[in-house]
Amino acid sequence: MEKYKEEGKLLRIFIGETDKYDRRPLYEWIVQQARAEGMAGATVLRGIVGYGAGSLIHTTKILRLSEDLPVIVEIVDSEEKIDQFLPQIEPAITEGLVTVERAHIRLYRNKKGGA
């Protein structure tokens with residue numbers, strides 16, 4: 001697909017790096033579910049510092065190195081697909097924040113069969 005212009009939705013899931021579901025990292029499980037549902041794509045971003053509802057700072061600084069850093073899973077797709085996907089993963093998210101925002105998709109490319 002060379003160009004893809006439409007209004008879509010951006011699903012953002014803010015969780016902790018150590019959060020688990022079905023004995024796997026929650027962020028990994030969410031990405032696998034997105035792939036199984038045919039979502040356009042998913043990206044996991046690891047934060048270097050952050051805090052949530054508990055106001056506890058999570059950071060990569062000394063004495064707290066890699067201790068439950070913030071993780072953001074981002075998925076962009078059509079409004080319909082995001083709305084269908086969210087209820088499937090919602091029960092697995094016991095702590096965190098989920099946002100859904102409008103996204104104007106300007107370009108979506110898939111290089112098929114190329115190096």
Those residues of region 48-95 that are under 20 Å from Tyr21 (Cα atoms), modelled with pLDDT under 95, surrounded by fewer than 18 Cβ atoms within 10 Å (Cβ to Cβ) and in contact with a strand residue (DSSP E or B) (Cβ under 6 Å, 6 or more places away or on another chain) come to a total of 1
Pairing a residue in region 7-34 that is surrounded by 16 or more Cβ atoms within 10 Å (Cβ to Cβ) with any residue that is modelled with pLDDT under 95 and part of a helix (DSSP H, G or I), where Cβ atoms lie under 8 Å and the two sit 6 or more apart in sequence or on different chains, gives Gly8/Glu79; Lys9/Glu79
When region 84-95 is checked residue by residue, the ones that are under 14 Å from Gln33 (Cα atoms) and in contact (Cβ under 8 Å) with a residue 24 or more places away in the chain are Gln84, Phe85, Leu86, Gln88, Ile89, Ala92, Ile93
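The values are calculated or read from the model by the stated rules, or taken from the named source; none is laboratory data. Keep in mind that this is a model prediction, so the values were computed, not measured. Reconstructed Cβ throughout: ideal geometry from the backbone, glycine too, with neighbour counts over all protein chains shown.
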